[in-house]
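What follows is one structure encoded as structure tokens, with my remarks underneath.
Every read-out reported here was derived from the displayed coordinates using simple, explicitly stated rules and does not represent laboratory data. The model shown is predicted, which means the values in this text are computed figures rather than measured ones. Note that each Cβ is placed from the backbone with ideal geometry, even for glycine, and that neighbours are counted across all protein chains shown.
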Amino acid sequence: MFTINKATEYAILLLINLQYGNKKQRSLVEIAKLKSLPIKYLEQIAKKLKKANIIVSKEGAGGGYLLTKQKENISISAIINAIQGKKGLVSCIHGSCQSEKECLHKKVWVNLQSVLERELMRIKLADLVK
């Protein structure tokens, strides 16, 4: 079954604690201490979020991390894809299957995947802090 892994949970905690725009940047060390998260793991997560253009880092004194968009514009889907990659409910969703011609249930899985993806796109980071 589709699961949200620990890294994605930590990513969401990290993102909830960041601001957008010209607000005060926050360091990973500060957030790690505040939320009792392992700093090395948080650094790996931040690297993936930065690569996905969800966060940006500012170097130097007073530096830290900021969101690249408002929380209302960051989908849970984008966070999951940044951390876990784009995966299907079953292995054949995003690829081919040797039994595809005989498969009687792939259409069901594709439809279910589509519903899940729509919901994850609809739910925003801001929805988790209300």
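For the chain, the relative contact order is 29 percent, taking Cα pairs closer than 8 Å that sit 6 or more residues apart in sequence and dividing their mean separation by the residue count.
Could you compute the FRET efficiency for K6 and K107, with r as their C-beta to C-beta distance and R0 at 35 Å, rounded to 0.05?
With a Förster radius of 35 Å, E is 0.60.
Sorting I31, I55 by the number of Cβ atoms found within 10 Å of their own Cβ, with the fewest placed first, yields I31, I55.
Once you sort the root eigenvalues of the Cα gyration tensor of the range 1-42 as a ≥ b ≥ c, which label holds: rounded (a/c under 1.5), prolate (a/b larger than b/c) or oblate (the other case)?
Values: a/c = 3.24, a/b = 1.55, b/c = 2.09.
Oblate shape, in that a/c is at least 1.5 and b/c is the bigger or equal ratio.
Counting only residues at least eight positions apart within a chain, or on another chain, the aspartates and glutamates with an alpha carbon under 15 Å from that of K35 are E9, E43.
Relative to the longest principal axis of the chain, what angle (0 to 90°, nearest 10) does the C-alpha long axis of helix 6-16 take? So the inclination is approximately 50 degrees. Cross-link pairs exceeding 29 Å in C-alpha to C-alpha distance, out of K47/K101; K58/K87; K24/K130; K6/K58, comprise K47/K101; K58/K87.
Ranked by the mean number of other Cβ atoms within 10 Å of their residues, highest first, the peptides 58-69, 9-20, 42-53 come out as 9-20, 42-53, 58-69. Taking the chain, the Cys residues with no second Cys beta-carbon under 4.7 angstrom are C103.
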